[in-house]
């Protein structure tokens, strides 16, 4: 079986909250539990299905979105593409975690695990595509460097393949700002090769 590829980054910032506009408050540390981030909008073992999923909207299903995360490098790319006059904040985007130093963060594969010094482990479920609601929220509070108006669709266009990830808590534990984060990238082909040899 191929050795799992590893990369190392760190936590840039941590956020939690249950605001209607999806924004979150910053904190220096948090103890993540098996049902998610305490007191967060997406905490829970189950959630209701969204419109367009494989099951009817409103159906109770496993919560595969216990956390959401972005990378500071990808946020800076989005800022540049949108020509924003002020930094695009992870708390405004509703992200629980903002990482730094992890290349192509939004492209990490499903099944990838992120390990922290406390023993906490997060598992990636999927890419988090930019939604129209968030794009409209950003248009309300940001402006362009040239003084122009941010359009309702600008974020959705600029954030394609850069919006970040969602996932679940695999092992509970404490996460601190500036913690080292070891990313073990899941490689589906390693499983296929193992099954073939079996």
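Laboratory data are not the source of any read-out in this text; all were calculated from the coordinates shown. Because the structure is predicted, anything quoted here is derived from the model rather than measured. As a convention, Cβ positions derive from the backbone with ideal geometry for all residues, glycine included, and neighbour counts pool all protein chains shown.
Could you rank the peptides 133-141, 90-98, 164-172 by their average count of other C-beta atoms within 10 Å per residue, with the highest value first?
Numbers: 133-141: 16.2, 90-98: 24.3, 164-172: 20.2.
Put in order of decreasing packing, that is 90-98, 164-172, 133-141.
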Determine the shape class of region 1-51: with a ≥ b ≥ c the square roots of the Cα gyration tensor eigenvalues, call it rounded for a/c under 1.5, and otherwise prolate if a/b is greater than b/c, oblate otherwise. oblate
For the chain: relative contact order, % (alpha-carbon pairs under 8 angstrom, 6 or more apart): 32
At a 10 Å Cβ-Cβ cut-off, how would you order 154, 104, 35, fewest neighbours first? 104, 35, 154
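Fewest Cβ neighbours within 10 Å first, please rank 48, 27 accordingly. Mind showing how you got there, number by number?
On the way: 48 13, 27 16.
Final ranking by Cβ density, sparse to dense: 48, 27.
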Correct semi-axes for the chain, from √(5λ) of the alpha-carbon gyration tensor and rounded to whole Å with the largest first, are 28, 19, 18
Taking the alpha-carbon centre of each part, the distance from region 76-140 to region 1-65 in Å is 12
Helix 188-197 versus the longest principal axis of the chain: what is the Cα-based angle in degrees, 0 to 90, to the nearest 10? 20
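Can you sort 42, 176 from fewest to most other Cβ atoms within 10 Å of each residue's own Cβ? Mind showing how you got there, number by number?
Values: 42 19, 176 15.
If I rank by nearby Cβ atoms, fewest first, I get 176, 42.
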Placing each pseudo-label 7 Å from Cα in the direction of the beta carbon, residue 107 and residue 80 end up separated by a distance in nanometres of 1.6
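Give, in nm to one decimal, the length gained when the segment between residue 141 and residue 7 is fully stretched (0.36 nm per residue of separation minus the Cα-Cα distance). Don't jump to the answer; show the numbers that get you there.
Numbers: separation 134, 0.36 × 134 = 48.24 nm, distance 3.47 nm.
Contour length minus Cα-Cα distance gives 44.8 nm.
Which order, highest average first, do 112-122, 50-60 follow once you tally other Cβ atoms within 10 Å for each residue and take the mean per peptide? Working shown, then result.
Details: 112-122: 19.1, 50-60: 9.6.
Averaged packing, sorted descending, gives the order 112-122, 50-60.
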In the chain, what percentage of the DSSP-assigned beta bridges are antiparallel, given to the nearest 5? 95
Taking all pairs of different Cα atoms in region 83-198, averaging 1/r and flipping that mean, what Kirkwood radius in angstroms comes out? 16.3
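222 nm [θ] for the chain, helices only, -39500 (n - 2.57) per DSSP H run of 4+, per residue, to 500? Before the final figure, lay out each step's value.
Numbers: 4 runs with 36 residues, N = 198.
That calculation yields -5000 deg cm²/dmol at 222 nm.
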